[in-house]
Amino acid sequence: MKKTRQTIDVKHVHEICSNIQEQIAKVVIGYESVVEDLLVCLIAKGHLYMIGVPGIAKTTLAKSFATVTGLSWNRIQFTQDVLPSDIIGHYYFDQKESTFKLRKGPVFGKIVLADEINRASPKTQSALIEAMQERQVTIEGKTMQLPDPFLVIATKNPIETEGVYPLPEAQLDRFLYSISMDYLPRQQEELMLLRKNEDQKEYFDIIKPIEEVQSIIGIHHQVHADETIIQYIMNIVDETRSHKHLLMGASPRAAEHLLYASKALAMIQGKDYVIPDMVKKVAPKVLGHRLILSTEANLEGISAQKIIEDILSNTEIPSIKEAVLAQ
């Protein structure tokens with residue numbers, strides 16, 4: 001029996017996403033692909049791991065995204081002495097009322113910027129795992145739900161090597177996307193400096209919250225993915241698990257995230273179905289941070305991105321026409 005396709009107003013979703021992209025472009029020069037990545041994570045209810053050197057506009061981009069979407073945001077500046085209670089919150093004794101009260105931590109925000117997350121100790125990093133996966137925290141035995149939506153944007157400075165800790169695989173697996181932010185092309189950086197040379201206030205005044213943004217979050221499930229797309233995703237995942245240069249391939253959660261990210265990207269592009277090109281576009285960002293390379297791969301200088309590129313080029317792409325998917 002054929003399943004009935006759910007109907008979604010993809011044109012409306014596309015317009016909202018385009019509006020967000022246009023508004024952010026008035027403040028942040030370049031990085032259009034990163035804004036699209038943020039939208040994918042927002043729609044699919046995932047989290048973003050952002051790697052880039054200091055001063056490359058990671059914080060500005062996160063703050064602008066929160067402002068444009070109208071979502072509350074908090075920033076956590078991770079250092080070695082940050083404790084789990086500094087993130088999730090704690091109870092304190094109110095002497096005036098002679099009772100214990102809860103002081104919520106900065107994790108209680110709809111968008112949370114975990115700045116330089118690799119500076120925190122493993123114990124503090126692990127405090128985010130429950131929040132990122134279950135969207136809840138436990139404080140002194142009491143479980144509390146986090147806001148909906150809840151998006152963590154974690155940043156990492158790849159230059160620092162002292163006083164930093166690697167993120168555990170269990171936490172990396174909670175991120176939907178991992179991306180690298182590079183320097184802007186010279187022409188765009190010059191345009192950025194020209195704006196800085198002027199009064200910036202006018203640019204920030206243009207940004208206005210978008211009320212409809214709540215309506216696009218979490219509806220990626222309504223996007224159609226043909227059975228051939230599911231098989232294509234599994235073929236890619238299976239290849240990572242048997243690749244000679246990988247000690248550990250993609251997890252079942254990675255396959256799930258690959259599907260969800262593809263569906264979210266389809267909505268941003270104004271379609272209610274997934275095509276193979278969408279899977280290929282999101283695969284490096286979904287899989288790159290989850291793979292563990294072999295010793296030989298590290299010695300030979302083979303990166304996870306290079307392995308993913310090889311897998312994508314060698315995995316047969318299903319021959320399915322968009323007209324069939326659109327039916």
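The values are calculated or read from the model by the stated rules, or taken from the named source; none is laboratory data. As the structure is a computational prediction, the values presented were derived from the model and not from experiment. No Cβ is skipped: glycine too gets one built from the backbone with ideal geometry, and neighbour counts run over all protein chains shown.
Exactly one residue out of Ile139, Ile129, Ile87 is surrounded by 19 or more Cβ atoms within 10 Å (Cβ to Cβ) and either touching a residue at least 40 places away in the same chain (Cβ under 8 Å) or closer than 30 Å to Pro54 by Cβ (or both): that is Ile87. If I filter region 12-24 for residues that are surrounded by 20 or more Cβ atoms within 10 Å (Cβ to Cβ) and either in contact with a strand residue (DSSP E or B) (Cβ under 6 Å, 6 or more places away or on another chain) or not assigned by TED's automatic domain parsing to the domain that holds Leu167 (or both), do I get at least one hit? Checking region 12-24: not a single residue is surrounded by 20 or more Cβ atoms within 10 Å (Cβ to Cβ) and either in contact with a strand residue (DSSP E or B) (Cβ under 6 Å, 6 or more places away or on another chain) or not assigned by TED's automatic domain parsing to the domain that holds Leu167 (or both).
The single condition from (1) in a strand (DSSP E or B); (2) farther than 19 Å from Glu36 by Cα that Thr155 fails is (2). Looking only at residues in region 244-254 that are aliphatic (A, V, I, L, M) and buried (at least 19 other Cβ atoms within 10 Å of the Cβ), the one that is nearest to Gln222 (Cα to Cα) is Ala254. Every condition in (1) modelled with pLDDT under 95; (2) more than 10 Å from Val40 (Cβ to Cβ) is met by Met267 except one, and the failing one is (2). Restricted to region 215-327, the set of helices (runs of 4 or more DSSP H) holding at least 3 residues that are closer than 21 Å to His12 by Cβ comprises 252-268.
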